[in-house]
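Taking it in order: structure first as structure tokens, then the write-up.
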Amino acid sequence: MNNSLFRYLPLFALNFALYLPSSAHADKASTVDPYALSIIQSASNYLGSAKNVQFVAEICEDAAIEDGPILQIARTVTVSLTRPAGLRLEVAAPEPTRTFTHNGKALTIYDVRTGFYGSIDAAPSLDETISNADEIGIHFPIEDLLVSKPFGDGASKADSGQYLGLVNVLGTECHHLAFQSKSIEWQAWVQTGPKPLLRKVAVTFKDEDDARLTAHISNWDLDTAIPASAFTFTPPPNSTKIEVLPAEEGKTKEAK
């Protein structure tokens with residue numbers, strides 16, 4: 001079977017994760033507004049402490065076409081997770097394209113369009129699996145919202161940050177926050193009130209010709225229990241298993 005479409009791991013190397021800055025630059029004093037920092041930390045703590053999490057992210061990002069214009073590419077990412085190990089993530093554009101499942105034993109990525117899927121042994125926690133997967137070239141969409149410490153330390157270690165007031169995001173009142181570092185500038189819109197949920201994020205990649213990514217996040221549900229069966233992959237009829245190789249090896253091959 002010809003699986004040349006899977007060379008260089010395009011099945012696994014998705015490029016629309018939310019990349020938030022993880023470190024500041026030591027030669028600059030941080031000027032992050034304490035109020036802005038307190039709001040994003042509250043949002044991180046609230047989401048990170050939830051056992052069951054479900055949401056939908058509508059993601060738009062810039063994509064440069066070789067010898068052509070910069071276009072905006074749209075994706076819908078639907079997430080169900082149960083901490084510390086359960087994850088089901090579905091990507092559609094607009095039809096379903098890929099799914100990720102993790103159950104603390106295996107991580108499986110399935111390409112809906114071709115029927116190819118691959119699995120690797122997974123760590124007991126989703127946090128550890130995401131960290132290990134990054135090392136071999138597997139990148140989760142919006143991984144900053146999946147880990148137990150959402151957004152990492154991107155705000156506290158930013159070069160600067162501002163509180164920009166209250167705005168409505170699709171009818172929801174939100175705090176508007178902005179943070180800047182040398183390579184990345186990002187904004188966050190956090191719902192007001194006792195449930196500080198992220199409703200929108202916008203990222204500008206300064207070291208990538210100011211490429212932009214925007215995500216609207218909706219359908220939040222932190223109350224409904226998710227059955228464990230949701231996190232175990234069952235191969236659909238006529239699907240084909242392939243072996244997952246580290247990205248640096250530059251290829252995949254069909255598993256026997």
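Points worth noting:
- Per-region count, segment 204-239, residues outside any loop (DSSP other than H, G, I, E, B) and within 13 Å of GLN54 (Cβ to Cβ): 7
- Meets criteria (acidic (Asp, Glu), free of Cβ contacts under 8 Å to residues at least 12 places away in the same chain, under 26 Å from ASP221 (Cβ atoms) and surrounded by fewer than 20 Cβ atoms within 10 Å (Cβ to Cβ)) for GLU173: no
Residue-by-condition table, conditions (1) over 15 Å from SER42 (Cβ atoms); (2) among the basic types (Lys, Arg); (3) at pLDDT below 95:
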| position | (1), (2), (3) |
| --- | --- |
| PRO141 | yes, no, yes |
| ASP144 | yes, no, yes |
| PHE151 | no, no, yes |
| LYS157 | yes, yes, yes |
| GLN162 | yes, no, no |
| GLY165 | yes, no, no |
| VAL169 | yes, no, no |
| CYS174 | no, no, no |
| SER183 | yes, no, yes |
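- Filtered by the rule that a residue be farther than 22 Å from GLN54 by Cα, aliphatic (A, V, I, L, M), assigned to a strand (DSSP E or B) and more than 18 Å from the chain's Cα centre (by Cα), segment 152-201 gives LEU164, LEU166, VAL167, LEU177, ALA178.
- Inside segment 124-139, residues that are crowded, with 17+ Cβ neighbours inside 10 Å, at pLDDT below 90 and assigned to a helix (DSSP H, G or I) make up a count of 1.
- For LEU81, the conditions (1) farther than 23 Å from LEU213 by Cβ; (2) modelled with pLDDT of 95 or more all hold with the exception of (1).
- Complete set of residues in segment 54-95 that are within 14 Å of LEU145 (Cα to Cα), charged (D, E, K, R) and touching a strand residue (DSSP E or B) at 6+ places or on another chain (Cβ under 7 Å): GLU58, ARG88
- Qualifying residue in segment 43-51 (condition: part of a helix (DSSP H, G or I), over 15 Å from the mean Cα position of the chain (by Cα), among the small types (Gly, Ala, Ser) and closer than 23 Å to THR204 by Cα): yes
The values are calculated or read from the model by the stated rules, or taken from the named source; none is laboratory data. None of these values were measured; they are calculated from a predicted model. All Cβ positions, glycine included, derive from the backbone under ideal geometry; neighbour counts span all protein chains shown.
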